[in-house]
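One structure is given here, and the rest of the page talks about it.
The values are calculated or read from the model by the stated rules, or taken from the named source; none is laboratory data. Predicted, not measured: the structure shown is a model, and the values here were computed from it. Here Cβ is always computed from backbone atoms with ideal geometry, including for glycine, and neighbour counts include all displayed protein chains. Surface accessibility is based on the protein's heavy atoms, side chains included, excluding ligands, DNA and RNA. Shrake-Rupley method; radii C 1.70, N 1.55, O 1.52, S 1.80 Å.
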Amino acid sequence: MNKSWTDIASLVEGYKTGKLSPTTVVEYYLERIHKLNPELNAYLTVTEDLAKQQAKELEKKLAEIDSFPLFGVPVAFKDLYQTQGIKTTAGSKVLENYIGQYNATAVQRYIDAGAIVLGKLNCDAWAHGSSGENSDFGPTKNPWNTQYVPGGSSSGSAAAVAADLCLVAAGTDTGGSIRCPASFCSVVGLKPTYGRVSRYGIIAMASSLDSIGHITGSVADSARVLAVTAGVDPKDATTSTQPVPDYPASLATSLKGVRIGIPKEYLRLGSTMTEGMDKEVEQLTDAAIDQLQKLGAIVSQVSLPHTPQSLACYYIIQPAEVSSNLARYDGIRYGHDRSAFGPEAKRRIMLGTYTLSAGYYDAYYKTAQKVRTLVVEDFDKAFERVDLIVAPVMPHLPFKIGEKVADPMSLYLEDILTVPVNLAGLPAISLPCGFSQTKLPVGFQLIGPKFSEQKLFAAAQAYELATPFHEQHPSL
Ligand code: GLN
């Protein structure tokens with residue numbers, strides 16, 4: 001089949017004009033999954049029958065297409081999303097046979113909006129990781145070069161969108177798990193404001209940091225999806241009652257007058273970090289900043305002085321919450337017993353239990369919470385002067401599968417540019433900004449104040465329209 005759509009808008013247009021039908025589109029994706037997934041390992045479960053059945057039902061509703069914002073859009077979910085009647089493993093052997101008992105709120109919203117479910121996507125077990133290699137079901141491979149990691153923990157989500165095994169992939173971002181794989185696979189990754197999208201029914205990693213977002217091939221698609229998933233949910237008390245704006249309407253072509261800050265700790269002159277940063281990542285981020293300036297942005301330097309402390313802060317708060325959330329997997333009601341946890345989950349359970357225990361709580365957990373407030377204040381101060389902040393996503397290029405597995409600390413250090421955003425609960429979007437000499441993708445991120453997703457989409461789309469990277473696809 002010759003593919004006539006590149007995004008949600010052109011897909012829906014194809015349905016409207018009768019050029020496409022949900023069934024033929026489902027067949028297209030299933031064929032690609034069958035062909036490419038054995039090598040890429042992006043999907044853990046393919047819901048072939050369900051997808052075909054949903055497609056058939058949608059065909060009867062073609063007359064009402066405009067009342068379904070994601071009519072016939074093929075989506076797949078990170079295997080952390082609970083899906084009724086469908087295996088939900090969290091990438092862990094502990095839940096290898098667990099069948100979801102209900103749909104997460106986000107899953108239900110996708111389905112109610114007309115999306116077609118293609119399956120469940122591989123991820124680092126319990127979302128612990130930055131490479132996808134911590135999955136108990138084998139690593140996902142990077143579609144741009146299958147010897148390399150696709151990034152994590154939403155490894156399958158980014159690989160599936162990059163390899164065109166679905167149009168939209170749902171993910172989660174606790175410390176970078178959407179932005180990291182999006183940048184390693186040259187696709188668009190949105191981490192919404194904490195509380196913008198319901199966490200209900202999504203297997204918890206670290207509840208004060210978990211953010212529910214998605215990976216798409218374009219900024220416009222990202223805005224369309226958030227318009228569906230965002231909003232208050234009585235089943236998640238941390239969701240915000242702020243009205244959901246018309247995100248697709250906030251797209252823009254110019255950045256005239258938008259003030260963008262470069263944290264001096266991250267990049268360019270005087271940076272304390274660039275010595276550890278890959279030169280090509282630095283150069284490509286610089287080029288992206290130049291492009292933003294060309295589009296009318298006013299670029300200046302800002303300071304986030306607690307950047308060096310934020311990684312330590314994250315690696316105390318996050319394992320503490322992980323150890324608490326994973327306590328429920330006792331193997332009594334469902335799943336295997338605790339001996340089935342892999343080494344990374346065990347490491348985090350031990351670390352978290354230690355920092356929460358009597359005598360150590362004040363020294364570690366409480367101190368980390370105070371540092372977290374300082375990180376929040378850093379961003380608040382910066383946003384008094386600028387509208388958005390620009391930064392690289394990952395300090396290094398995608399690495400070879402196996403290269404860092406023996407050294408968990410070196411992997412933790414890769415999160416330095418993503419975790420501050422989660423500590424502060426801010427929204428951020430990761431965008432493709434080019435390729436290394438070795439043809440590996442690089443992404444950069446735009447970060448905004450809480451609930452500034454509209455501004456992020458506007459700036460991101462202006463950048464996307466002016467650059468060619470989102471139009472390049474891996475040859476598979
Ligand atoms: N890489 C980070 C970690 O391992 C982030 C994980 C995530 O966002 N789920 O903790």
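Observations on the model:
- Ranked packing of 118-130, 174-186, most packed first, by mean Cβ within 10 Å: 174-186, 118-130
- Relative pair counts by distance (%), Cα atoms of the range 255-392, 5 Å bins: 2, 9, 14, 14, 13, 12, 11, 10, 8, 6, 2, 1
- Our estimate of slack between residue 413 and residue 61, defined as 0.36 nm per intervening residue step minus the Cα-Cα distance, is 121.8 nm.
- About its Cα centre, the dipole of the chain is roughly 320 debye, where the only charges are +1 on Lys and Arg Cβ and -1 on Asp and Glu Cβ.
- Per residue, the convex hull spanned by the Cα atoms of the range 56-124 amounts to 81 cubic angstrom.
- DSSP-defined beta bridges in the chain - what % are antiparallel, rounded to 5: 70 percent
- Within the shell of other residues whose beta carbon sits under 11 angstrom from the beta carbon of residue 47, the net charge comes to +1, with Lys and Arg scored +1 and Asp and Glu -1.
- The range 308-370: trypsin sites (Lys or Arg not before Pro) in DSSP coil with no more than 10 other Cβ atoms inside 10 Å: 333
- Highest-first packing order for the peptide set 190-200, 97-107 is 190-200, 97-107, based on the mean count of other beta carbon atoms within 10 Å.
- Relative contact order for the chain: 17 percent, from Cα pairs under 8 Å spaced at least 6 residues apart, divided by residue count.
- Across the cross-link table entries 19/61; 16/78; 78/455; 19/60, which are compared at the Cα atoms, the separations over 19 Å belong to 16/78; 78/455.
- Where labels lie 7 Å past Cα in the beta-carbon direction, separation of residue 438 and residue 339 in nm: 4.0 nm
- Out-of-range pairs (alpha-carbon distance over 20 Å; input 381/450; 346/370; 141/191; 35/439; 264/404; 191/439): 346/370; 141/191; 35/439; 264/404; 191/439
- Only helices enter this figure: runs of n ≥ 4 DSSP H residues, each worth -39500 (n - 2.57), summed and divided by the residues of the chain, yield -11000 deg cm²/dmol at 222 nm to the nearest 500.
- Accessible area per residue in Å² at 1.4 Å probe, computed on the chain: 37 Å²
- Net charge contributed by nearby residues that have their C-beta within less than 13 Å of residue 77 (K/R +1, D/E -1): +3
- Sulfur and carbon atoms: percent of accessible area, the chain [1.4 Å]: 53 percent
- Cα gyration tensor category, rounded, prolate or oblate, for the range 92-231 with a/c compared to 1.5: rounded
- Note on the range 1-97: the C-alpha convex hull projects to 7.1 nm² when averaged across all orientations.
- Protection proxy ranking of 350-362, 291-303, 202-214 - average other beta-carbon atoms within 10 Å, highest first: 202-214, 291-303, 350-362
- The Stokes-Einstein estimate for the range 142-217, based on a Kirkwood radius over Cα pairs and taken at 20 °C with 1.002 mPa s viscosity, is a diffusion coefficient of 177 µm²/s.
- Relative contact order, percent, the range 66-185 [alpha-carbon distance under 8 Å, six or more residues apart]: 26 percent
- Calculated over the chain: convex hull of Cα atoms, volume per residue (Å³): 133 Å³
- Taking other residues whose beta carbon is less than 11 angstrom from the beta carbon of residue 374, and scoring Lys, Arg as +1 and Asp, Glu as -1, yields 0.
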